[in-house]
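The values are calculated or read from the model by the stated rules, or taken from the named source; none is laboratory data. In this text the structure is predicted, and so the values were computed from the model without any measurement. Cβ coordinates were reconstructed from backbone atoms using ideal geometry, including for glycine residues, and neighbour counts include every protein chain displayed. With ligands, DNA and RNA removed, areas are computed over all heavy atoms of the protein, side chains included. Shrake-Rupley method; radii C 1.70, N 1.55, O 1.52, S 1.80 Å.
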Amino acid sequence: MIAGNWKMNHGAADAADFFKKLKGEVSTTPKNVEVLVCAPFTSLAASVDAAKGIKTIHVGAQNMHFEASGAYTGEVSAEMLKETGCSHVLVGHSERRQYFAETDETVNLKTKKALTEGIVPVVCVGELLEERKADKHFDVVTTQVEAAFKDVSAKDAATIVIAYEPVWAIGTGEVATPEQAQEMHAHIRSVLGKLYDTGVADTIRILYGGSMKPSNAPELLGQKDVDGGLIGGASLKADSFNELIQAAEKASS
Ligand code: PEP
């Protein structure tokens, strides 16, 4: 899976323009790669509309509330997301954890709510630079994964997508080495194997995120346990996003 995270970029008009360009770029529809674009709330409906005609493209949101409705000013529910036609939602992105007080507990509540509503959660985990320097990265990520999957059945767990995003690599230009990515992805899979079983662990897709771009994607995507990428900066332009789709298609063949 190649997933773009537009963050607070691309309003509805820009979103429509992006998909128009992407349709022009994608010469062959990817056979093995699922493509996801996570757009801002106000661009979701326009994105769903503009993405029609590219079979393998899904549109997702970047956040949601875990309640269905109520006095939560400024928030958007899973039910509302479904109405826009979007199918996925990012949960626990490090920017949400850092700036909007997202906790492991709310990540779990949102994950379960998305699953109940038939929206695929893309659960983001990853350590801070100081945690890696202190050699705590495996423990930090283990805690995040265990918390996110708390009280999630094996059947539901198998549908979740995980994005491993070392916080020190997001938007910094500093990318994890393919070995660092592979090591953490294998670790996450072993945590999932203990929580469920190896069948479920092998089914769950684990994406790498953090300064992925066309030049470093082939090596990262070539790692055994790297099942795709979550991409911020390089997902904003249709041409570089398409290069990432093509790199994933190549890596999967
Ligand atoms: C992200 O925001 O999820 C991300 C990986 O950003 P970037 O690719 O810009 O590092």
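Here is a list of conditions, (1) closer than 24 Å to Ala247 by Cβ; (2) surrounded by fewer than 24 Cβ atoms within 10 Å (Cβ to Cβ); (3) not small (Gly, Ala, Ser), and Pro40 meets all of them except one; can you say which number that is?
(1)
Kindly indicate whether Ile206 is within 14 Å of Glu25 (Cα to Cα), away from the ligand (no atom under 12 Å from the Cβ), of a type outside the set (Gly, Ala, Ser) and crowded, with 21+ Cβ neighbours inside 10 Å.
On the way: within 14 Å of Glu25 (Cα to Cα): no; away from the ligand (no atom under 12 Å from the Cβ): yes; of a type outside the set (Gly, Ala, Ser): yes; crowded, with 21+ Cβ neighbours inside 10 Å: yes.
So Ile206 fails the test.
How many of the residues in the range 106-117 are in contact with a helix residue (DSSP H, G or I) (Cβ under 7 Å, 6 or more places away or on another chain) and more than 16 Å from the ligand (Cβ to nearest atom)? Lay out the reasoning, then the answer.
If we filter the range 106-117 for residues that are in contact with a helix residue (DSSP H, G or I) (Cβ under 7 Å, 6 or more places away or on another chain), which is where we start, we get 107-108, 111, 113-115, 117.
Next, from what is left, pick out any that are more than 16 Å from the ligand (Cβ to nearest atom): 108, 111, 113-115, 117.
So the answer is 6.
Residue check: is Ala158 within 30 Å of Glu83 (Cα to Cα) and over 14 Å from the mean Cα position of the chain (by Cα)? Talk me through it step by step, then tell me what you get.
Details: within 30 Å of Glu83 (Cα to Cα): yes; over 14 Å from the mean Cα position of the chain (by Cα): yes.
So Ala158 fits the description; yes.
Taking the condition more than 21 Å from Val161 (Cβ to Cβ) and at pLDDT 95 or above, does Ala78 pass?
Considered against the rule, which asks whether it is more than 21 Å from Val161 (Cβ to Cβ) and at pLDDT 95 or above, Ala78 comes out as no.
Any residue at all in the range 224-243 that is polar (S, T, N, Q), under 30 Å from Phe18 (Cβ atoms), in contact (Cβ under 8 Å) with a residue 24 or more places away in the chain and in a loop (DSSP other than H, G, I, E, B)?
As a first pass, look at the range 224-243 and keep what is polar (S, T, N, Q): 235, 240, 242.
This time we only want the ones that are under 30 Å from Phe18 (Cβ atoms), so: 235, 240, 242.
Subset that is in contact (Cβ under 8 Å) with a residue 24 or more places away in the chain: 235, 240, 242.
Subsequent filtering for residues that are in a loop (DSSP other than H, G, I, E, B) retains none.
Within the range 224-243, none of the residues are polar (S, T, N, Q), under 30 Å from Phe18 (Cβ atoms), in contact (Cβ under 8 Å) with a residue 24 or more places away in the chain and in a loop (DSSP other than H, G, I, E, B).
Of the numbered conditions (1) touching a residue at least 12 places away in the same chain (Cβ under 8 Å); (2) farther than 22 Å from Ser253 by Cα, Asp17 fails exactly one; give the number of that condition.
If we test Asp17 against (1) touching a residue at least 12 places away in the same chain (Cβ under 8 Å); (2) farther than 22 Å from Ser253 by Cα, just (1) comes out false.
When the residues of the range 116-131 are narrowed to those that are over 17 Å from the mean Cα position of the chain (by Cα) and outside any loop (DSSP other than H, G, I, E, B), which ends up surrounded by the most Cβ atoms within 10 Å (Cβ to Cβ)?
Within the range 116-131, the subset over 17 Å from the mean Cα position of the chain (by Cα) is 116-117, 128-131.
When the remaining residues are screened for being outside any loop (DSSP other than H, G, I, E, B), the result is 116, 129-131.
Numbers: Thr116: 12, Leu129: 14, Glu130: 10, Glu131: 18.
In this case the residue turns out to be Glu131.
Please indicate, with yes or no, whether at least one residue in the range 164-172 is more than 27 Å from Ser215 (Cβ to Cβ), open to solvent by 30 Å² or more (accessible area, probe 1.4 Å) and either within 13 Å of the ligand (Cβ to nearest atom) or at pLDDT below 95 (or both). Give the derivation first.
Restricting attention to the range 164-172, the residues satisfying the condition of being more than 27 Å from Ser215 (Cβ to Cβ) are none.
Scanning the range 164-172 turns up no residue that is more than 27 Å from Ser215 (Cβ to Cβ), open to solvent by 30 Å² or more (accessible area, probe 1.4 Å) and either within 13 Å of the ligand (Cβ to nearest atom) or at pLDDT below 95 (or both).
Give just the number: which of (1) buried (at least 17 other Cβ atoms within 10 Å of the Cβ); (2) more than 16 Å from the ligand (Cβ to nearest atom) does Asp197 not satisfy?
In the conditions (1) buried (at least 17 other Cβ atoms within 10 Å of the Cβ); (2) more than 16 Å from the ligand (Cβ to nearest atom), Asp197 misses (1) alone.
Would you check if Ala134 is surrounded by 14 or more Cβ atoms within 10 Å (Cβ to Cβ) and of a type in the set (A, V, I, L, M)? Break it down stepwise before answering.
On the way: surrounded by 14 or more Cβ atoms within 10 Å (Cβ to Cβ): no; of a type in the set (A, V, I, L, M): yes.
Considered against the rule, which asks whether it is surrounded by 14 or more Cβ atoms within 10 Å (Cβ to Cβ) and of a type in the set (A, V, I, L, M), Ala134 comes out as no.
Tell me which helices (runs of 4 or more DSSP H) are completely within the range 145-212 and hold 2 or more residues being touching a strand residue (DSSP E or B) at 6+ places or on another chain (Cβ under 8 Å) and over 21 Å from Thr103 (Cβ atoms), or say none if there are none. Reasoning before the result, please.
Working: elements: 154-157, 178-195, 198-203.
Because the criterion is at least 2 residues that are touching a strand residue (DSSP E or B) at 6+ places or on another chain (Cβ under 8 Å) and over 21 Å from Thr103 (Cβ atoms), the helices (runs of 4 or more DSSP H) in the range 145-212 that meet it are 178-195.
Just to check your reading of the model, which residue among Glu249, Glu243, Glu219 is acidic (Asp, Glu), within 20 Å of Lys7 (Cβ to Cβ) and either open to solvent by 20 Å² or more (accessible area, probe 1.4 Å) or at pLDDT 95 or above (or both)?
Working: Glu249 fails: within 20 Å of Lys7 (Cβ to Cβ); Glu219 fails: within 20 Å of Lys7 (Cβ to Cβ).
Selected residue: Glu243, the only one of Glu249, Glu243, Glu219 that is acidic (Asp, Glu), within 20 Å of Lys7 (Cβ to Cβ) and either open to solvent by 20 Å² or more (accessible area, probe 1.4 Å) or at pLDDT 95 or above (or both).
Could we say that Gly228 is of a type outside the set (S, T, N, Q), more than 11 Å from the ligand (Cβ to nearest atom) and closer than 16 Å to His58 by Cα here?
On the way: of a type outside the set (S, T, N, Q): yes; more than 11 Å from the ligand (Cβ to nearest atom): yes; closer than 16 Å to His58 by Cα: yes.
Taking the combined requirement at face value, the residue satisfies it.
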